[in-house]
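The values are calculated or read from the model by the stated rules, or taken from the named source; none is laboratory data. The model shown is predicted, which means the values in this text are computed figures rather than measured ones. All Cβ positions, glycine included, derive from the backbone under ideal geometry; neighbour counts span all protein chains shown. Ligands, DNA and RNA are stripped out before the accessible areas are found, and what is left, the full protein with its side chains, is counted by its heavy atoms. Shrake-Rupley method; radii C 1.70, N 1.55, O 1.52, S 1.80 Å.
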Amino acid sequence: MSAPPEQGRFRIAVVGAGPAGFYLTERLLSRDDLEVDLFDRLPAPYGLVRYGVAPDHEKIRNVTRVFDRIAASPRFRFFGNVEIGRHLTLEDLHRHYDQVAFTTGAQTDRRMGIPGEDLRGSHAATEFVAWYNGHPDFCDRAFDLSVERVVVVGVGNVAVDVARILCRTPQELEHTDIADHALAALRASRVREVVMLGRRGPAQAAFTNAEVKELGELAGADVRVLPDDLALDPVSQVALEAEDGAATRKKLEILTQFSRRPRTGKPRVLTLRFLVSPLELIGDADGRVRRVRLVRNRLEPADRSPRAVATDQVEHLDAGLVFRSVGYRGVPIVGLPFDHRRGVVPNAAGRVVDPDTGHPIPRCYVAGWIKRGPFGVIGTNKSDAAGTAEAMLADLVAGGPRPLDPTAAGALALVQGVQAAFVSYPDWMRVQAVETERGAAAGRPRVRFTSAAELLAVRRSPG
Ligand code: NAP
């Protein structure tokens, strides 16, 4: 039989240091016989709060102070720059931890599934987001901003972020923490128009009201909505009356105000279009995207929400750059089952389950987007993580097999053996202090280290 818990403590590994990972850690640490080690494949913690939230939304990033407070617990350790599936396996973790929870999010994007999607100049919006936020894996990406018109497919909040950043003036961006390479590229941008394409009507648009309202407040871009796109079809009318439609009514009000605005002559135009879908991206002889073939849609009633159905009205829109922003997607975790249709790990209230038997797989859990899919704001992960924590704590109380070596020293030796260049939380706090210091000198919240090598060099430098 395995050893008893060190000092009466249970030890838990949480994999993925984004909001779900921190909120889960917080709930677990509320029991003082628990210790948590939080792993991330990147050297920096915070996940999408660092690499997803737009640089001009600095206030949203303040939540990292909450994460830092959670990390201050003496029963917490961070192992950044350690990848499960590369440096360590799930079995390695099970040898040293009572339970393992994955909070790895949704690390890739959904595709549109249309011809021409792989032409040069056609990108996932998530790549652009990671690039302007200085994600080490995306720093070397190049986006051709010498083009006149950019199309963004999708009308969710990520699409809004991308469109807004493309329309911001250099003066609006230079006091943010946008990556330096992105600031330089956006300064030289010759983009004149950004067109967002919604496949359904304005009433079904996924963006939230605060986010869309902000599009009407840009210093360098006029927002444009075609009045015809706002005529509410009977299907939306019925749906709106059936639901508690206050937020939708507000959204329509904002869009109606936009549609009535005259052009003021700002250098850029941001156009929001509805009831259109791309059918194909058309390239030139060099394989670069040049045009988008679009079809006009109409709405049909469907189970939960009206769905878009193509009509026979087709049009073409010139565009030199296309971003698909049609949602994130989870990726499989080695050693765990995966629901390929939904892009999540099959689970029951956070307990990973075998899809064939429906039985829980012992000591394996999930929280956040990899548990429920890529929906909701940062705070949604708090209640989501609470559900998983409840299941984990109930299983600990119920008892069961213990790890072979449940000691903190054993887990540390394991990590040191495979990745000596791991980043601890004190290391991270030093990096963060240097980023903030560099920012203060430039009137910015921080100047980010964008390469992993740079960040690792700073983490243990004296002083
Ligand atoms: P999302 O909210 O799910 O939006 C996806 C968009 O893509 C929808 O407009 C969807 O239209 C459209 N779409 C899907 N498949 C399509 C297709 N084949 N062709 C054309 N359009 C298609 O996803 P997201 O924008 O990636 O955001 C993910 C989550 O992060 C959301 O919960 C979002 O609110 C959150 N987030 C929040 C903020 C913020 O608070 N500031 C910022 C960024 C992200 P349908 O509705 O017709 O499916």
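Miscellaneous remarks
- For the chain, taking Cα atoms only, Rg and Dmax work out to 23.8, 76 Å respectively.
- Calculated accessible area for the chain comes out at 43 Å² per residue, all protein chains present (probe 1.4 Å; ligands, DNA, RNA ignored).
- Of all accessible heavy-atom area on the chain, the percent that carbon and sulfur account for (1.4 Å): 52
- Couplings for segment 191-206, taken from phi via the Karplus curve 6.51 cos²θ - 1.76 cosθ + 1.60 with θ = phi - 60°, read 5, 10, 9, 10, 10, 9, 10, x, 6, 10, x, x, 5, 9, 4, 7 Hz in order; Gly and Pro are left as x.
- Between segment 386-463 and segment 183-201, the Cα center-to-center distance that results, in Å: 36
- In terms of the mean number of neighbouring beta-carbon atoms within 10 Å, the peptides 88-99, 260-271, 219-230 order highest first as 88-99, 219-230, 260-271.
- Candidate residues 435, 193, 26: accessible-area rank, largest first, probe 1.4 Å: 26, 193, 435
- Where 369, 131 fall by accessible area, highest first, once all protein chains stay in place (1.4 Å): 369, 131
- Its residues counted as N, segment 110-328 yields a C-alpha radius of gyration over 2.2 N^0.38 Å of 1.01.
- Candidate lysines for bridging to residue 250, where Cα separation is under 21 Å - those fewer than 8 sequence places away on the same chain excluded: 213
- Counting only residues at least eight positions apart within a chain, or on another chain, the lysines with an alpha carbon under 25 Å from that of residue 382 are 59, 371.
- In a simple Cβ point-charge model (Lys, Arg +1; Asp, Glu -1; nothing else charged), the chain has a dipole of about 760 debye relative to its Cα centre.
- Axis angle, to the nearest 10 degrees, between helix 425-441 and the longest C-alpha principal axis of the chain: 40 degrees.
- Computed from phi, the 3J(HN,Hα) profile of segment 253-259 under the Karplus parametrisation 6.51, -1.76, 1.60 (θ = phi - 60°) reads 5, 4, 5, 5, 4, 4, 5 Hz, with x in place of Gly and Pro.
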